[in-house]
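Bear in mind these aren't lab numbers, they're just calculated from the coordinates by the rules spelled out. Keep in mind it's a predicted model, so treat the numbers as computed, not measured. Cβ: placed from backbone, ideal geometry, glycine included. Neighbour counts: every protein chain shown.
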Amino acid sequence: MNGSWEVRLRRGMILVLDGAIAAGALYVAMLLRFEGNIPERWASALAETILLLVGCRIACSAFFGLHRWSFLLSGLTDGARIAVAGIAGSGLFMTGIFLLRLQGPPRSVFVLELLLSTAVMAILRFAPRLAWMYRADRRRARRKDSVRALIVGAGAAGEMLLRDLRRSDEHNYRVVGFVDDDRTKWGSIVGGQPILGGIDSLADVVVSHRVDKVLIAIPRLPAERIREILSLCADLKIRFKILPVSYVYLQEQDASVRLQDLSPEDLLPREPVRFSASEDAAMIAGRSALVTGAAGSIGSEICDQLLQAGLARLVMVDINENGLYVLHRRFQRKYPKVALTTEVADIREASRIRSLFEQHRPQDVFHAAAHKHVPLMEVAPCEAVKNNIQGTRNVAEAGDAFGAERFVFISTDKAVRPTSVMGATKRVGEMMVRSLAERSKTHFCAVRFGNVLDSAGSVVPLFREQIAEGGPVTVTHPDVRRYFMTIGEAVGLVLRAAYGDYGELCVLEMGEQIRIYDLARHMITMSGMAPEIDVPIEVVGLRPGEKLYEELLTEEEEQTHRIDRKIYVADSPSPPPDLFDRVDWIVTTAKSEDREATLALLRQLVPTYGPATPVAPQDDDPAAAAPSTDSQVH
C-alpha cells in the first residue's frame, strides 16, 4: 500500500510540474512576443488562458502516459511521445479557445509556447538519466580496475550494448568507441561514442585508444571473421567478449552479465543444431533407450538430448561408476519425471551385456563406449580390439537378440583409410553394423564424424591447461588439420540420423578442416596473451597413428553419397561373408596378448589400414612451425 501511494504521489507531482511548465512557457512566450511588455488586451485574458492551457497539457500528459516516466530507462520512442503529447496539447488548447470564444494569444505565441513546453518537459525527463550516466562514467573512470573497452559493430546490437552498459553500474567497462565495416558510419557518433574505423583497423584503434577489452556485438558474425579479428590482435594482449545471438531479441539479464568470453566454439563456421528443436524429436516421446559410454562427453550429451526430447525411460551404461553417479544425480534434478537407470558394466563381457538387454528391453540403443585415444591404443592394440571390436559386437548382437528397434554406432573419421589401431578397430565396428543390418529386423546405423570440440581428453582443454601454466602449448606438425564440431551439434545430428532411418552408414557434414596451429594461436590470443611471446608454442612431431589430415568418405563411398540436412548417406562395400569368424579369430588373438599377430589380423580385416609414415616438422617454415596437437576423437 505504501509503495502504491508513493507511486501515485510521484505521478501526480509529474503532472503538476507539466502544468507549471505550460503556464511558465505561455507567459515567457508572451513576453518574448511583445518584447517584455504585454498589452492590456491580452494581459487581462492571460489568467484564464493559462488555466485552459494547463488543463490541456495535463490531460495530454496523462493520456500519453508521460506521468508514468522511467527516468533511467527512457529512450527514443519515449522522446517521440513527448513531442506527440506537446502537439496534441497545443491542438487541444487552440480548439478550447475557439469553442470558449476566449481572447487567444497571437499565433506566434502558440508556436513559441509549444517549443518551450516540449523542450522543458523533455529536459525534466531526460536530465536525470543523463546526469546519472555522467556520474556513472566518472565513477568507472576513477576505478582502479577500470577497463577501456571497444565495441565491434555499430549496428542495433552494438548500440543496445552501449546503452545497457551505461544504464548499469555493475561493471567496470569504459567504452571508448566502435569499429564497424560499414564505411558510411565511419566518423559518426553513436550513443555519444565515435565510430573509429573499420574492423580491419582494429589493431591500430586498440593501440591508439589503449583498449583493454574488445566487445564483439555483431549477431551471427561469421567464424572466419572472428578468426581474422583474433589474428589482427594476436600481439596486443587484450581479451575478448561476445554477445549471444539472442541478445538483440531477448534481454533477460544485464548486458555486462550476458557478455560471454570468446570461446573456441565461436571459431567454428557452423550453425547450432539441437535435435530437440527439430521435427524428429516427436518420435522419441514415450520411448526407451540404452546408451553405452553414458558418462563420456558424447554419451552424456546423447542422454541429455534424448531426455529433452521426451524420452520416457533411459538406461545409462558405463564402466566409470563415479561418472555414472554424478550424471544420474544431475539428470534426476533436471528430469524428475523420467525413469532413469544406471548400470555399471564392461561391454567386453557378453553375458553382462545380454543380461542388461534382457532386463531392460530398450527400443533404441546408442553405442558410444570405446577406447578413443589414438597414441594409447597404438601402445595397447589388444585392448583396442577387445573393447572397440568385441565390445561393439556384444552390444550390437544383444540389441539384435532382444528386439531393439534401432541401434546406432558412434564411429569416427579416423575409420577412413585408418592409420591408427583406434581407427582400424572403429572401421571393423562399422563393418559389423553393416553385416548385422543385412539380416536383422533392428535398424542398424553407424554415424561417422570428426573431432568434438572441448570434449574430455581433446585438444581444447589440453591447450587451456597449457596456456594457464604459461606454456608451452604443444602441437604436432605445421600442416595438421582436423574437422571439428561442437558436442551439441554432433549429437543433434547423430539423433537426426538415428531417427531419420537414412541408411546403414551416415556421415556428418563437418565443413572445412581447421589448422590446429591456428587454433592454438587463437586460444592464446583469447586468453589475453601474445602467441610465441607470452606463451611459446612447441612442435613435438606427429604421434604414432596420427595423420596430417582426416577424411570422411572413402573413394567408393564418395561415388554413392547424398546429403540431407548436413548428413551424408554412404554406401560402403559389403563386408566379407566370414566377417564374424575373422572377428572371433582376432579377439581370441588379442586375449592372448599377442600384439604382432593381432596387428597382422587387423590389417587383414581392414585392407586400407596402414600405419602412418612419420612426418617431421619443417624447420624452413617458421610461420608454420608451431602447429597442431591431434586430439582424441570424441
Within a 10 angstrom radius of the beta carbon, how do Thr341, Thr598, Thr292, Thr425 rank from fewest other beta carbons to most? Thr341, Thr598, Thr292, Thr425
Please go through the range 9-58 and write out the GluC sites (Glu not before Pro) that DSSP classes as loop and that have at most 12 other C-beta atoms within 10 Å. Glu35
J(HN,Hα) series, the range 185-193, from Karplus relation 6.51 cos²θ - 1.76 cosθ + 1.60, nearest Hz, glycine and proline x: 8, 4, x, 6, 10, 10, x, x, 10
What lysines sit close enough to Lys237 to cross-link, taking a C-alpha to C-alpha distance under 23 Å and skipping anything fewer than 8 places away on the same chain? Lys144, Lys213
Which of Tyr502, Tyr517, Tyr568 has the fewest Cβ neighbours within 10 Å, and the rest in rising order: Tyr502, Tyr568, Tyr517
Quick one: what are the phi-derived ³J(HN,Hα) couplings along the range 567-579, Karplus 6.51/-1.76/1.60 with θ = phi - 60°, whole Hz, x for glycine and proline? 10, 8, 10, 10, 10, 8, x, 4, x, x, x, 9, 3
Counting other Cβ atoms within 10 Å of each Cβ, which chymotrypsin sites (Phe, Trp or Tyr not before Pro) in the range 1-35 have at most 16 and sit in a DSSP loop? Phe34
Tell me the Kirkwood radius of the range 2-135: reciprocal of the mean inverse pair distance over distinct alpha-carbon atoms, in Å. 15.5
Check: the range 1-54 dipole with +1 on Lys, Arg Cβ and -1 on Asp, Glu Cβ, in debye: 200
Of Lys414/Lys441; Lys426/Lys566; Lys414/Lys566, pairs whose Cα-Cα distance is over 24 Å: Lys414/Lys441
Sequence ranges 311-320, 353-362, 573-582, ranked by mean other-Cβ count within 10 angstrom, highest first: 311-320, 353-362, 573-582
Shape of the range 397-533, Cα gyration tensor, a/c cut at 1.5: prolate
Cβ-based exposure ranking for Val540, Val587, in which fewest neighbours within 10 Å come first: Val540, Val587
Report the FRET efficiency, 1/(1 + (r/R0)^6), for Gln332 and Lys144, where r is their Cβ-Cβ distance and R0 is 41 Å, rounded to 0.05. 0.35
